[in-house]
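Values quoted throughout were computed directly from the atomic coordinates according to the rules given, and no laboratory measurement underlies them. Given the structure is predicted, the values throughout are model-derived calculations rather than measurements. Heads up, the Cβs are rebuilt from the backbone with ideal geometry, glycines too, and the neighbour counts pull from every protein chain shown.
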Amino acid sequence: MSNIERTLSIIKPDAVERNLEDDIKKIFIDNGFKISKLKKVKLEKSEAEKFYKVHETKPFYNDLCLYLSSGPIVVMIIEKDNAVLDNRELMGATNPKEAKDGTLRKKFGISIDKNSVHGSDSIENAKIEIDFFFKD
Ligand code: UDP
Ligand code: MG
């Protein structure tokens, strides 16, 4: 049965800065994702704070928001069957040191904060995050 989902993927500043956009897009396509919308933006810190509000009580929140707003990011709606979970699997663990071989974070991540990609963690959050960037 077909279960096409949409999820939000972000190529974070560390990866955009290293010109990894095309490599990462190719990996999504090779893994069966369609990139249905894409834009490159630079967030204000206040916008990053809104995006990551779920983490506002965490000790890393301020640095995380400074980081996400530190340079251009590439924001994409990607879709396929079971896109939310399949993207999380393709991304790998939050800490690149713990990410499995073949995952984006294992390949490209530098550290737990500079881990190259973001992906929505549930269907509900995917909808919220897609709206955050692509609501017309
Ligand atoms: N993060 C961090 N330090 C930590 C945990 C997380 O800098 O100890 C950053 C990291 O960039 C991560 C983001 O905060 O991607 C959001 O954390 P989350 O737990 O939601 O991880 P993710 O869903 O991105 O795997
Ligand atoms: Mg998360």
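Would you confirm, using the coordinates I've provided, whether SER2 is surrounded by 14 or more Cβ atoms within 10 Å (Cβ to Cβ) and part of a loop (DSSP other than H, G, I, E, B)?
It is false that SER2 is surrounded by 14 or more Cβ atoms within 10 Å (Cβ to Cβ) and part of a loop (DSSP other than H, G, I, E, B).
For region 91-131, which residues satisfy the criterion of being hydrophobic (A, V, I, L, M, F, W, C) and out of contact with any strand residue (DSSP E or B) (no Cβ under 8 Å at 6 or more places or on another chain)?
ALA93, ALA99, ILE110, ILE112, ILE128, listed by residue number.
Collect the residues in region 105-121 that are in a loop (DSSP other than H, G, I, E, B) and closer than 19 Å to PHE28 by Cβ, keeping them in residue-number order.
Across region 105-121, the qualifying residues are GLY109, ASN115, SER116, SER120, ASP121.
Pairs needed: first member in region 94-119, in contact (Cβ under 8 Å) with a residue 60 or more places away in the chain; second member anywhere, of a type in the set (Phe, Trp, Tyr); C-beta distance under 7 Å; at least 6 residues apart or different chains.
That search, which allows pairs on different chains as well, returns SER116/PHE108.
Quick check: is even one residue across region 117-135 of a type in the set (Asp, Glu), at negative phi and crowded, with 21+ Cβ neighbours inside 10 Å?
Looking for residues that are of a type in the set (Asp, Glu), at negative phi and crowded, with 21+ Cβ neighbours inside 10 Å, one finds at least one in region 117-135, hence yes.
Checking GLY102 against (1) within 12 Å of ligand 1 (Cβ to nearest atom); (2) assigned to a loop (DSSP other than H, G, I, E, B), which single condition isn't satisfied?
(1)
Collect the residues in region 81-92 that are buried (at least 18 other Cβ atoms within 10 Å of the Cβ) and not in a helix (DSSP H, G or I), keeping them in residue-number order.
Result: GLY92, single match.
Mind checking which residues of region 93-107 are crowded, with 16+ Cβ neighbours inside 10 Å and either under 13 Å from the mean Cα position of the chain (by Cα) or under 26 Å from GLU124 (Cβ atoms) (or both)?
Once the filter is applied, which keeps residues that are crowded, with 16+ Cβ neighbours inside 10 Å and either under 13 Å from the mean Cα position of the chain (by Cα) or under 26 Å from GLU124 (Cβ atoms) (or both), region 93-107 yields ALA93, ALA99, THR103, LEU104, ARG105.
Checking the condition touching a Ser or Thr at 6+ places or on another chain (Cβ under 6 Å) and not hydroxyl-bearing (Ser, Thr, Tyr), which residue from GLU129, GLU98, GLU124 passes?
Answer to the check: GLU129.
Among residues belonging to region 49-92 that are in contact with a Gly (Cβ under 6 Å, 6 or more places away or on another chain) and within 15 Å of ligand 2 (Cβ to nearest atom), point out the one that is nearest to ASP121 (Cα to Cα).
Among those that are in contact with a Gly (Cβ under 6 Å, 6 or more places away or on another chain) and within 15 Å of ligand 2 (Cβ to nearest atom), it is ARG88.
Search region 93-121 for residues being in contact with an Asp or Glu (Cβ under 7 Å, 6 or more places away or on another chain) and closer than 16 Å to PHE51 by Cβ, and hand back the single one that is farthest from ligand 2 (Cβ to nearest atom).
ASP113
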